[in-house]
Amino acid sequence: MSLLMTVPPNLVQSIRAFRVAELQDEAARLGQHFLYAHCNAGVTKQQVLGIIAESFQFPKGIGKNFDGLRTTLTETMFNAPAAASAAGQGGLPHTGFLVVLEQLPNTQKFDKEARETLLDVFRDAADFWADKKVPFRVFYSFE
């Protein structure tokens, strides 16, 4: 039985009762990419975006702003080597993504509005991948 059986394939939700290790194991079992960022060291938007970009191993310069992160989570990842395999050029097809954003900060320079904007970026990415019929689940927690 799948840990994610009751979780829609494309959503952004609080991590609640899920444990990070169990989600990582489930991503491996499903053959999905597991992306994890522990964000509480960030104080500003730039720092939080930098932590996410570094944790997800995005190229340098990616994630400097919300629009750049949105593009990377959608078009850039779609056109990565996995998409090449769909065109018969080798690599693996996109099998899905399981993302964990742990301990999003609550600071003066990364306030509720910034957190909601960040989560909206991930919601947009979930919608993008839903159109491609690729699971993209995001779980988050606040500090």
So which residues in segment 22-42 are over 18 Å from residue 122 (Cβ atoms), open to solvent by 70 Å² or more (accessible area, probe 1.4 Å) and not in a helix (DSSP H, G or I), if there are any at all?
41
Residue count, segment 67-76, condition open to solvent by less than 40 Å² (accessible area, probe 1.4 Å) and either charged (D, E, K, R) or under 13 Å from the mean Cα position of the chain (by Cα) (or both), comes to 4
Mind checking which residues of segment 1-21 are touching a strand residue (DSSP E or B) at 6+ places or on another chain (Cβ under 9 Å) and either open to solvent by less than 70 Å² (accessible area, probe 1.4 Å) or under 17 Å from residue 123 (Cα atoms) (or both)?
4, 7, 8, 9, 10, 11, 12, 13, 14, 15, 18, 20
Name the residues in segment 46-62 that are open to solvent by less than 70 Å² (accessible area, probe 1.4 Å) and within 18 Å of residue 111 (Cα to Cα), would you?
48, 49, 50, 51, 52
Pairs, please: C-beta under 8 Å, at least 6 apart or cross-chain, first residue open to solvent by 70 Å² or more (accessible area, probe 1.4 Å) and in segment 105-120, second part of a loop (DSSP other than H, G, I, E, B) and among the acidic types (Asp, Glu)?
106/143
Scan segment 123-143 for residues that are crowded, with 20+ Cβ neighbours inside 10 Å, in a helix (DSSP H, G or I) and of a type outside the set (A, V, I, L, M) and jot them down.
129
For residue 98, are the conditions met, namely being of a type outside the set (Phe, Trp, Tyr), modelled with pLDDT under 95 and in contact with a helix residue (DSSP H, G or I) (Cβ under 7 Å, 6 or more places away or on another chain)?
no
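The values are calculated or read from the model by the stated rules, or taken from the named source; none is laboratory data. These numbers were taken from a predicted model, which means no experiment stands behind them. Quick reminder, even Gly has a Cβ in these numbers, built from the backbone with ideal geometry, and neighbours come from all protein chains shown. Ligands, DNA and RNA are excluded from the accessible area calculation, which covers all protein heavy atoms including side chains. Shrake-Rupley method; radii C 1.70, N 1.55, O 1.52, S 1.80 Å.
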